[in-house]
Each structure stands twice: as C-alpha cells, then as structure tokens.
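Here the structure comes first, spelled out in structure tokens, and everything after it is commentary.
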Amino acid sequence: MTTSTEQSVVIIGAGHGGTGLAALLRQSGFTGPITMVGDEEHLPYHRPPLSKKFDGPSVQQLLRPAEFYADNQIDLRTRSRAVEIRPATKTVLLADRTEIGYDTLVLATGSTPRPLPGTPQGTTSVITLRTLDDADTLNRSLTRGGELAIVGGGYVGMEVAAVARSRDMHVTVIEREERILARVASPELSRMLTDYHRDRGTTILTGRSVADLRTDGDRVTGVHLDDGAVVDCGTVLVGIGAAPEELLPRTAGLEYDDGVITDEYGRTSDPDIFAIGDVARRPVAGHHGLRRLESIPAATEHARHAVAAILGQEPEDHEVPWFWSDQFDLKLKIAGLTTPDVTVVTRATPGKNAVSFFHLQPGGNVVAVEAINVPADFNAGKKLIRSGAPVDAAALADPSIKMRDLVARSEGA
Ligand SMILES: Cc1cc2nc3c(=O)[nH]c(=O)nc-3n(C[C@H](O)[C@H](O)[C@H](O)COP(=O)(O)OP(=O)(O)OC[C@H]3O[C@@H](n4cnc5c(N)ncnc54)[C@H](O)[C@@H]3O)c2cc1C
C-alpha cells in the first residue's frame with residue numbers, strides 16, 4: 001500500500017519513534033494531514049537522560065522545539081490516550097471518546113516497565129522508570145532517603161546506580177541472574193562493570209531475587225531476599241525490563257506475539273497499519289527470526305523504513321543495531337547482536353580507561369562489539385559486522401595494529 005501525499009497519517013505514541021516518523025514524513029515531502037496522539041502531558045522528550053541525568057534540570061530535553069509541530073502542520077495531541085483501533089471504519093478511538101479517521105495508522109506506543117510482582121497496592125517509593133514524571137518521582141524520593149535498592153541489574157538499573165552513588169546514596173543492586181546485564185552483555189563486559197560499580201561503593205548481589213517488600217504503612221523500608229537476607233532501603237527502583245502494551249493492537253486484530261509482528265519495513269498484518277519502535281517485533285538483517293529491539297537507533301531506523309514504505313519510496317539500507325549507555329565516566333557503545341557460539345576477543349587500549357570486546361563467530365566474523373570509551377573501536381566494529389568477513393583474532397586483540405587496517409583487510413577480503 002502506498003499513501004498518496006494527500007492522505008492522512010495518524011501516529012499513536014508521541015515518543016522517539018512516533019516523533020521521528022512525523023518529522024521524516026514532512027522532510028520527505030508528505031503534505032497530507034499528520035496527527036500524533038500521545039498520552040503523556042509533556043511535549044515529546046528524550047528518554048535516555050531519565051536514567052542518566054534524573055538528578056538535575058537537564059533531565060528534560062525536548063525531541064523537537066515546541067514550535068516544531070505547528071510549523072510543520074503536525075497536529076500533536078498530548079494527554080490523549082488511544083483506546084481502540086477500528087480497522088473496519090479506519091478510525092482510532094481516544095479515551096475521551098473522540099474518533100480520528102486515518103488512511104495510514106502507525107503504532108509507536110513503546111513499552112511499559114514490568115512491575116515488581118507482589119508490591120502491595122499503594123506502596124510509595126517503589127518506582128519504575130519510563131517517563132519524565134517517573135524520573136521526577138525518583139529524584140524526589142532519593143533526596144529524601146539515603147538507601148536505594150535496585151531490583152534488576154540491566155542498563156537502566158546500572159545507570160541509576162551510578163547516578164545515585166555519585167550522590168552518596170547507599171546503593172544495592174539485586175540481580176536474579178548470576179551476573180548483571182546477563183541478557184544483553186558479554187560476561188567480560190558484565191565483569192568489568194561489576195568491578196567498576198563495586199569499586200565505587202555499590203553493593204551488587206547476584207543470583208538473588210526478591211521474596212517480598214518490608215513496608216511501614218505505605219512506605220517501603222526494605223527488601224526481603226529469597227535467602228532470608230534483608231536489604232534496608234527507603235526507595236526501590238524496579239528495572240526488570242519492559243513489555244509492549246498488547247490490548248490496543250489486539251483491538252485491531254493485528255498479529256501479535258511479544259510485540260506487533262511486522263515485516264522489515266514495519267508493515268503489520270493489516271496493510272494500512274504500521275508498527276515501529278519498542279512495540280514492534282520484526283526481522284533484523286543478518287539474523288534469524290523476529291526481534292524486538294528496545295533502543296533509539298532501532299526506533300529511528302524503523303521510522304525511516306516505515307516512511308519509505310508509506311510513501312512508496314526506495315527503502316533505505318539496514319543499519320547494524322546499536323545502543324549506548326553511560327555509567328560514571330564510562331561511555332559504552334554496543335553494536336550488533338551476539339549469538340551463543342561466539343568467542344569474545346578483548347582489545348584494551350593501554351594506559352586508558354578504555355577497552356572493547358569483539359564477539360567472533362567460529363568462522364572468525366564479528367557479530368557484535370562492546371566498546372567502552374573507544375568510539376573508534378565501535379565505528380570499526382560496525383564496519384566489521386557489516387562486512388561479515390573473517391578477522392584475525394590475535395590482530396584484533398593487539399592495540400598496536402590499527403583498527404582501520406583490520407577494517408581495510410576485511411573489506412578487501
Ligand atoms: C530510562 C530509559 C533510558 C533509556 N536509555 C537509552 C539509551 O541510552 N539509548 C538507547 O538507545 N535507548 C535507551 N532507552 C530505550 C529507548 O528510550 C526506547 O527504545 C525508545 O524510546 C523507543 O521508542 P518508541 O517510540 O518505541 O517508544 P517511546 O519513546 O517510549 O514512546 C512511546 C510513547 O507512546 C505513548 N503511548 C503508549 N500507549 C499509548 C496510547 N494508547 N495512546 C497514546 N499514547 C500512548 C507512551 O506514553 C510514550 O510516550 C531508554 C529507555 C528508558 C526508559
């Protein structure tokens with residue numbers, strides 16, 4: 001299906017994917033009506049600062065200046081929640097019973113943090129982090145209490161741990177797996193980060209899970225662990241992952257399985273509806289099966305591909321998936337998707353707080369790189385992943401051999 005430049009596009013979700021898509025439509029010459037509905041009260045904003053800068057005013061960074069939407073004839077409706085999609089009449093129903101008609105609909109509703117099971121109703125200071133309001137709650141809560149327990153040693157949890165430690169909070173991370181970042185990082189990176197956080201005073205408990213919370217009235221005072229230990233705390237940050245919201249896509253009868261199923265351009269099982277960003281599960285170039293990638297580069301790329309498909313333009317190339325994280329003075333950049341059969345090659349830059357981990361498949365090709373404070377290794381790693389050519393592991397581990405020579409060799413292979 002191709003949308004003519006006069007037809008209407010409705011976007012549900014005013015976050016990274018939705019806003020990027022609206023802007024790109026206009027940049028690509030689309031002149032039809034664009035409506036974007038978002039259930040938050042704020043203008044669309046950047047999410048990464050929520051876990052990295054929640055303790056200061058720079059937590060709020062708008063994705064686009066306030067005047068951008070009117071200047072570009074984008075009808076942005078904040079505080080508007082879509083509750084039903086009616087494909088038969090090609091309308092979206094909002095919570096206030098307003099109906100909006102569409103020719104093309106884009107679902108960009110993101111994902112919602114998983115709550116900690118068993119949290120008693122009404123308990124304050126047990127916080128999940130997804131929105132600016134959550135970040136504000138976390139910031140206020142940390143000002144009050146000296147002890148923070150973080151359930152889940154994923155990126156959001158570890159970023160919050162770093163900020164809280166720099167505010168001299170007592171921080172305990174409780175991770176169910178045997179290592180932090182078990183789902184998303186190599187054992188080498190997990191180990192390095194564990195040591196880095198511990199050296200800066202964070203307690204990291206692995207292989208432990210939460211039995212229940214200790215409360216005093218509506219306030220939390222501690223976390224009971226499965227081994228009987230208690231972590232005293234005034235605030236609990238729950239960072240145990242996020243899941244897309246299923247009900248809305250179900251109202252449209254869209255194919256759904258841990259995310260809205262789409263093709264590589266974001267087309268869902270309904271030819272007039274696209275899904276992008278965290279809510280979409282779709283093919284990733286060079287990998288089997290469908291993946292839900294929760295990152296800004298993925299949401300941005302999805303938006304680009306969907307715009308091309310909506311306008312019937314030549315689709316763009318696929319980018320190697322990537323992600324970043326900041327913890328203390330460490331700038332992590334991670335590209336590619338690892339597989340269980342990889343060998344991890346470490347490349348340390350002497351005399352600097354800088355190291356990279358390259359993930360090599362048995363054939364010697366690189367499938368992922370984790371670069372800490374070495375943007376050059378990250379950029380080169382992306383090229384190696386894209387080339388798919390085998391790389392000499394010993395040369396890769398040797399910082400005296402320039403990355404650009406290794407890339408040139410792999411591109412010539
Ligand atoms: C604390 C935090 C830190 C992060 N840090 C990084 C990082 O450093 N690097 C990185 O690459 N990624 C990071 N991410 C992930 C990244 O923010 C997401 O992958 C990205 O925002 C996904 O974009 P999206 O458009 O799919 O969803 P979002 O940006 O989440 O936007 C979805 C919007 O839709 C709204 N919505 C949902 N349902 C409805 C409805 N029914 N009606 C109307 N509106 C609705 C939501 O409220 C939300 O505003 C971080 C995420 C969080 C929470």
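The values are calculated or read from the model by the stated rules, or taken from the named source; none is laboratory data. The structure displayed is predicted, hence computed values, not measured ones. Because the Cβ atoms are built from the backbone with ideal geometry, glycine has one as well, and the counts that use them run over all protein chains shown.
Candidates are the residues of the stretch 334-372 that are crowded, with 17+ Cβ neighbours inside 10 Å and closer than 22 Å to residue 165 by Cα; the one that is modelled with the lowest pLDDT is 354.
Considered as a group, the residues in the stretch 79-122 that are closer than 19 Å to residue 303 by Cβ and assigned to a loop (DSSP other than H, G, I, E, B) include one that is farthest from the ligand (Cβ to nearest atom), and that residue is 103.
Here residue 181 meets the list (1) free of Cβ contacts under 8 Å to residues at least 40 places away in the same chain; (2) away from the ligand (no atom under 16 Å from the Cβ); (3) touching a Ser or Thr at 6+ places or on another chain (Cβ under 7 Å) almost entirely, failing just condition (2). Within the stretch 182-211, being over 24 Å from residue 338 (Cα atoms) and either polar (S, T, N, Q) or modelled with pLDDT under 95 (or both) holds for 202, 203, 209.
Criterion applied to 293, 247 was being within 10 Å of the ligand (Cβ to nearest atom) and over 20 Å from the mean Cα position of the chain (by Cα), and the one residue passing it is 247.
Name the residue, out of 83, 59, 106, 92, that is modelled with pLDDT under 95 and under 28 Å from residue 20 (Cβ atoms).
Residue meeting the stated conditions: 59.
Applying the set (1) in the same structural domain as residue 23 (by TED's automatic domain parsing); (2) crowded, with 20+ Cβ neighbours inside 10 Å; (3) not in a loop (DSSP other than H, G, I, E, B) to residue 75 leaves exactly one unmet item: (2). Inclusion of residue 237 among residues that are touching a Pro at 6+ places or on another chain (Cβ under 8 Å), in a strand (DSSP E or B), more than 30 Å from residue 358 (Cβ to Cβ) and in contact (Cβ under 8 Å) with a residue 40 or more places away in the chain is not warranted.
Quick one: how many residues across the stretch 274-290 are more than 14 Å from the ligand (Cβ to nearest atom) and either at negative phi or buried (at least 24 other Cβ atoms within 10 Å of the Cβ) (or both)?
6
For residue 168, the conditions (1) assigned to a helix (DSSP H, G or I); (2) of a type outside the set (Val, Ile, Thr); (3) on the phi > 0 side of the Ramachandran plot are fulfilled apart from (1).
Taking residue 58 as meeting all but one of (1) touching a residue at least 60 places away in the same chain (Cβ under 8 Å); (2) farther than 27 Å from residue 315 by Cα; (3) small (Gly, Ala, Ser), write down the number of the exception. It fails just one condition, (1). For the stretch 163-183, a residue qualifies if it is surrounded by fewer than 17 Cβ atoms within 10 Å (Cβ to Cβ) and within 30 Å of residue 143 (Cβ to Cβ), and the qualifying residues are 166, 167, 168, 176.
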